Amino acid sequence: MSKPTNGVERTQRTRPGGRSATVNRSILEAALTEIVDHGYGDLTFESVAVRAGVHRSTIYRHWANKEDLAADALLSFSAMSIPVPDTGSTHDDLDQLATSIARNIGSPFGEGLVRALISDASRVPAVVAAAQDFWSQRFALVREVTSRAVARGDLPPDLDADAFIEALVSPLFFRLFVTGKPIGAQDATVVVRRTIEAAQHGLLSRPKRADVSD
């Protein structure tokens, strides 16, 4: 097995121009769909080639193993543009965002993707690195909303943004992957209200540093 490439090399390799870009995009989309439909364990170059409509040798020219292919597929998905709501209202922004998250992870594709991220693929170093990039980009998107909310005075200035995001999305993931209950827009709205209230009461603030006396 060849040495896994780093994130920069992967990004450069999968973004050539012209026809190669179209072919590589088809391969990455096919790989992602294969992971969602059948799991990382059953991912093969043969199945990806059939789904993408390319010869297997085309895939081998760019990816030495399925670990790198899966990692690139996840990176390509995380790089897709995701609109961040900016309605002028903190509650409406978070409500739209939570509803979108609930809709995405509640869809067959979204649920399959998240399950793949927490399955046996999590033990593959190249895929672990891609998954970390995947989640960090999504955290960054939500931080845009919380930063505006703090600037408006809707959320406290000492807000721990990551703790807020975890409190916002964890109930949605718990409902889907632990209890198996469906997620609706009303569920997302309730989570948003509770999370905002918790933040406003200081429950999601950064820990205060203890004073150190001489």
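The values are calculated or read from the model by the stated rules, or taken from the named source; none is laboratory data. Keep in mind it's a predicted model, so treat the numbers as computed, not measured. FYI the Cβ positions are ideal-geometry reconstructions off the backbone, even for glycines, and counts take in every protein chain you see.
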Within the range 120-136, the residues that are in contact (Cβ under 8 Å) with a residue 12 or more places away in the chain and either surrounded by 15 or more Cβ atoms within 10 Å (Cβ to Cβ) or over 25 Å from residue 175 (Cβ atoms) (or both) are 121, 124, 125, 126, 127, 129, 130, 131, 133, 134
Exactly one of 140, 167, 151, 188 is of a type in the set (Gly, Ala, Ser), assigned by TED's automatic domain parsing to the domain that holds residue 114 and more than 20 Å from the chain's Cα centre (by Cα), and that one is 151
Residues of the range 145-169 being of a type outside the set (Gly, Ala, Ser) and farther than 20 Å from residue 88 by Cβ, in sequence order, are 158, 160, 162, 165, 166, 169
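Here's the yes/no breakdown for (1) farther than 24 Å from residue 75 by Cβ; (2) at pLDDT 80 or above; (3) polar (S, T, N, Q):
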position: 104; (1), (2), (3): no, yes, yes
position: 120; (1), (2), (3): no, no, no
position: 127; (1), (2), (3): no, yes, no
position: 197; (1), (2), (3): yes, yes, no
Over the range 106-118, the set of residues surrounded by 15 or more Cβ atoms within 10 Å (Cβ to Cβ) and under 15 Å from residue 74 (Cα atoms) is 110, 111, 112, 113, 114, 115, 116, 117
Conditions (1) closer than 17 Å to residue 95 by Cα; (2) at pLDDT below 80; (3) assigned to a helix (DSSP H, G or I) -> residue 183 fails only (3)
Note on the range 155-172: residues crowded, with 16+ Cβ neighbours inside 10 Å and in contact (Cβ under 8 Å) with a residue 40 or more places away in the chain are 155, 156, 159, 160, 163, 164, 168, 169, 172
- Hey, does the range 174-182 have a residue that's buried (at least 18 other Cβ atoms within 10 Å of the Cβ) and touching a helix residue (DSSP H, G or I) at 6+ places or on another chain (Cβ under 9 Å)? yes
